[in-house]
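The values are calculated or read from the model by the stated rules, or taken from the named source; none is laboratory data. Because the structure is a prediction, the values reported are computed rather than measured. Cβ atoms come from the backbone with ideal geometry, glycine included; neighbour counts cover every protein chain shown. Protein only, heavy atoms only, side chains kept; ligands, DNA and RNA dropped before computing areas. Shrake-Rupley method; radii C 1.70, N 1.55, O 1.52, S 1.80 Å.
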Amino acid sequence: MSCSASCLNLEPRFMQRFFIMLKTRSCRHWLALGIVFLIMPLYADEERVIRVGPDENLQSFVDRLLPGQTLLLKPGLYHQSFVISKSGTKAKPIRILGEKGVIFTGLKQLNLNWQLIRSGIYQAKVERPIRQLFINNEMMVPARWPNMSFEQRWDNSKWPSADQGSKYGTLVDSDLATSGIDFTGCVAILNIGSWQTFRRIITQHESRRDRFTYPTEPNHRLHNTEKPVEMDRYCIYGEAALDAPGEWFYDRKRSLLTLCPPPGTHPKDLKIESKQLDTAILGQGCRHIHVVGMEFYATTLRMRQVRNCLLQDLQIRFGSTVSDPFFKNISLSAQEQNEFTARKWFGETSLDVLTEITGDDNVIRDVEVRYSEGPGLTVGGKRNLIDNCLFEHIDWQGLDYGFGIDLLAAAPVTVRNVTLDHCGGSEGLRLANHGKSLVEYCHLHHCGLRQSDGAIIQTSSSRSAGTEIRYNWIHDHHAFHWGGNGIRGDDGARGLKIHHNVVWNCSEKGIVAKGDQHQVFNNTCFNNPKIDILLPRNRLPGKTKELIKQNANTRAFNNWAGVTGSWYWEKPKRPPYGYTENNHRASADQLRDPSLFDFYPRNNTDTQPKNQKEPPTKSAERPEPLGAYVDSEPSRAVGYQRR
């Protein structure tokens, strides 16, 4: 006989604790407390809990799950994967729950026959390709020029800039000559396309030469692009660059791993692991599946074409990596070519897999993602919710079509209480170009760090009308060369509602909305060097498909920020065409303590509406004070909240 807890209808995060208590106390004790259990034979209980451990075959248990059943994973390290193709129902979802300490790992320890091939450099034969290497639980950097440790991943000095004479197909840099290295055959990561990054084999270079060549694509827009000096950035990976402790190189033709271990160590005395399993959990076409309470290390989970599924209380570290650090990008698979994501726009990919969920009416909640070399999360489908999630240190090379969180195929989508902290891609949170989405209470910052152009939150197209961006903290978009926007409605945007956001320290513009029919109000913008809020009057040169007269029907009011209709190079400066009222420039010293995210006005700062005619008698008709915060309102919980 067994005791079933199904009649309690417990929240998933409480179920683990309940079942542990159930094991340690008798049913008689719980009955004395007034809790009623359904008693039935184990074989007849369709809602029983099945508890399994790391040494058992998870796939065999998953394949037998029925609606209402729970697969409870014991603590431990799981070196296996499984596919979910079963479905639950709304009333009886299938739950896969992890007790505290459940970790899926994609790493396999390497026990190799190491040979010293030169001073401090060892080599060994391997059975499987090496794409990511860890020593004593720390990720090592593939052989790179200039040298860079993993801790230096956001150091701009580790990304040389191109000199005069560079063009598409040829990169010129005097530092190449002083390196004394012939990089022919190595892979160059080329941040040459503003919001696009290419990985290409260096076809011709010589020691002490200041330039190398790489393959180009016919009819590419970069053939005729004129760029200022130092706009393009790059780095190089390859065996020729192997010279620093912690670096490694994999020879795919000879299946050889070459390693420069930490000083004074021998590889045989180190715990050396390689990523071998890219996906631990794969959901395909399933419905009403809950995956809750587990960690993923050097592997991830993917849910494809699923509905009404829940991903909750998950931690993912090193989920995505470059599929081959020493080889060019790979073409998209036939399946990927049929999906509308940033990779489809780019036509190729650097990555092994994406952490993704596609389909409709799914929830991603309380998920932490760190150290992904691609987007922290890719979502596609309708009516999905991303709630209370954390994304840290995402895409530090700005690979491919750089998005921190890729929602290009997700519309409509709701994003709430999300924190994005450090992202290399030019666009931090990339919304779809269609659908009425909502972004609220998010803290998104330090984005665009490895590309140019872009914005921390970006959308475009008239089909995104109705999208609302509100109550967010947005700051520090610092592109390699040009760009640097907080919130942007790009080409063709219509009907965006942008309000009660705080935007600061963006190197070009705090908020920019091209197109027309926007509502931009009660935002606080400061310390944006060029423009706080731009509602351009004119389309950009060459944008012949855009409105000639922009923002004629846009309304901007009650912003504690400077509002202009002129691009920063246009003179004289003019206001936007549309309705503007009660917008005034702000400064940090007018706020109580921006360093502690206290954006309420100081006591001596007047934020009441100015230059108004006789105020309306009805309070509901009176204009709101300036900016995103007023003293009469309670503080808001913005960004990821630990629970």
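Remarks
- Among the residues of region 432-449, those identified as open to solvent by less than 10 Å² (accessible area, probe 1.4 Å) and under 25 Å from TRP154 (Cβ atoms) are VAL439, CYS442, LEU444, CYS447, GLY448.
- Conditions (1) outside any loop (DSSP other than H, G, I, E, B); (2) farther than 24 Å from ALA637 by Cα; number of the one not met by CYS525: (2)
- Subset of region 477-496 [under 17 Å from ALA432 (Cβ atoms) and either outside any strand (DSSP E or B) or in contact with a Ser or Thr (Cβ under 7 Å, 6 or more places away or on another chain) (or both)]: GLY489, ASP490, ASP491, GLY492, ALA493, ARG494, GLY495, LEU496
- Looking at ILE474, ILE457, ILE405, just one residue is in a strand (DSSP E or B) and either open to solvent by 10 Å² or more (accessible area, probe 1.4 Å) or within 23 Å of ILE189 (Cβ to Cβ) (or both), and that residue is ILE405.
- For ASN528, the conditions (1) more than 22 Å from the chain's Cα centre (by Cα); (2) open to solvent by 30 Å² or more (accessible area, probe 1.4 Å); (3) farther than 22 Å from SER437 by Cβ; (4) modelled with pLDDT of 95 or more are fulfilled apart from (2).
- The residues on offer are ARG317, ARG304, ARG370, and the sole one that is over 15 Å from the mean Cα position of the chain (by Cα) and modelled with pLDDT of 95 or more is ARG304.
- Of all residues in region 289-320 being touching a Lys or Arg at 6+ places or on another chain (Cβ under 6 Å) and either without any contact (Cβ under 8 Å) to a residue 40 or more places away in the chain or outside any strand (DSSP E or B) (or both), the one that is surrounded by the fewest Cβ atoms within 10 Å (Cβ to Cβ): ASN308
- Qualifying residue in region 39-48 (condition: modelled with pLDDT of 50 or more and either open to solvent by less than 50 Å² (accessible area, probe 1.4 Å) or of a type outside the set (A, V, I, L, M, F, W, C) (or both)): yes
- Subset of region 548-588 that is among the hydroxyl-bearing types (Ser, Thr, Tyr), in a loop (DSSP other than H, G, I, E, B) and within 35 Å of the chain's Cα centre (by Cα) - its residue that is farthest from ILE531 (Cα to Cα): THR554
- Strands (runs of 3 or more DSSP E) wholly inside region 51-122 containing at least 3 residues that are more than 26 Å from LYS268 (Cα to Cα) and hydrophobic (A, V, I, L, M, F, W, C): 70-73, 82-84, 94-98
- Scanning region 156-176 for residues that are touching a Lys or Arg at 6+ places or on another chain (Cβ under 9 Å) and loosely packed, with under 14 Cβ neighbours inside 10 Å yields ASN156, GLY165.
- In region 380-395, the residues that are touching an Asp or Glu at 6+ places or on another chain (Cβ under 7 Å) and closer than 18 Å to ASP352 by Cα: ASP395
- ILE96 being touching a strand residue (DSSP E or B) at 6+ places or on another chain (Cβ under 7 Å), of a type outside the set (Gly, Ala, Ser), at pLDDT 95 or above and surrounded by 16 or more Cβ atoms within 10 Å (Cβ to Cβ): yes
- Every condition in (1) on the phi > 0 side of the Ramachandran plot; (2) open to solvent by 10 Å² or more (accessible area, probe 1.4 Å); (3) part of a loop (DSSP other than H, G, I, E, B) is met by ASN417 except one, and the failing one is (3).
Here is a yes/no grid of residues against (1) crowded, with 19+ Cβ neighbours inside 10 Å; (2) in a helix (DSSP H, G or I); (3) at positive phi:
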{"residue": "ILE189", "(1), (2), (3)": "yes, no, no"}
{"residue": "ARG199", "(1), (2), (3)": "yes, no, no"}
{"residue": "GLU206", "(1), (2), (3)": "no, no, no"}
{"residue": "PRO218", "(1), (2), (3)": "no, no, no"}
{"residue": "HIS223", "(1), (2), (3)": "no, yes, no"}
{"residue": "TYR234", "(1), (2), (3)": "yes, no, no"}
{"residue": "ALA240", "(1), (2), (3)": "yes, yes, no"}
{"residue": "PRO245", "(1), (2), (3)": "no, no, no"}
{"residue": "TYR250", "(1), (2), (3)": "yes, no, no"}
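- Selection status of GLN132, of a type in the set (S, T, N, Q) and open to solvent by less than 10 Å² (accessible area, probe 1.4 Å): yes
- Scope region 99-129; condition open to solvent by less than 20 Å² (accessible area, probe 1.4 Å) and not small (Gly, Ala, Ser); matching residues: GLU99, VAL102, PHE104, THR105, LEU107, ILE121, VAL126
- When the residues of region 343-367 are filtered to those that are within 22 Å of MET140 (Cα to Cα), of a type outside the set (Val, Ile, Thr) and open to solvent by 10 Å² or more (accessible area, probe 1.4 Å), the one that is nearest to the chain's Cα centre (by Cα) is LEU354.
- The number of residues in region 460-471 being open to solvent by less than 20 Å² (accessible area, probe 1.4 Å) and either acidic (Asp, Glu) or modelled with pLDDT under 95 (or both) comes to 2.
- Flag if ARG153 is touching a Phe, Trp or Tyr at 6+ places or on another chain (Cβ under 6 Å) and either open to solvent by 20 Å² or more (accessible area, probe 1.4 Å) or modelled with pLDDT under 95 (or both): yes
- Within region 332-367, tally of residues that are assigned to a strand (DSSP E or B), in contact with a Lys or Arg (Cβ under 9 Å, 6 or more places away or on another chain), modelled with pLDDT of 95 or more and not acidic (Asp, Glu): 3
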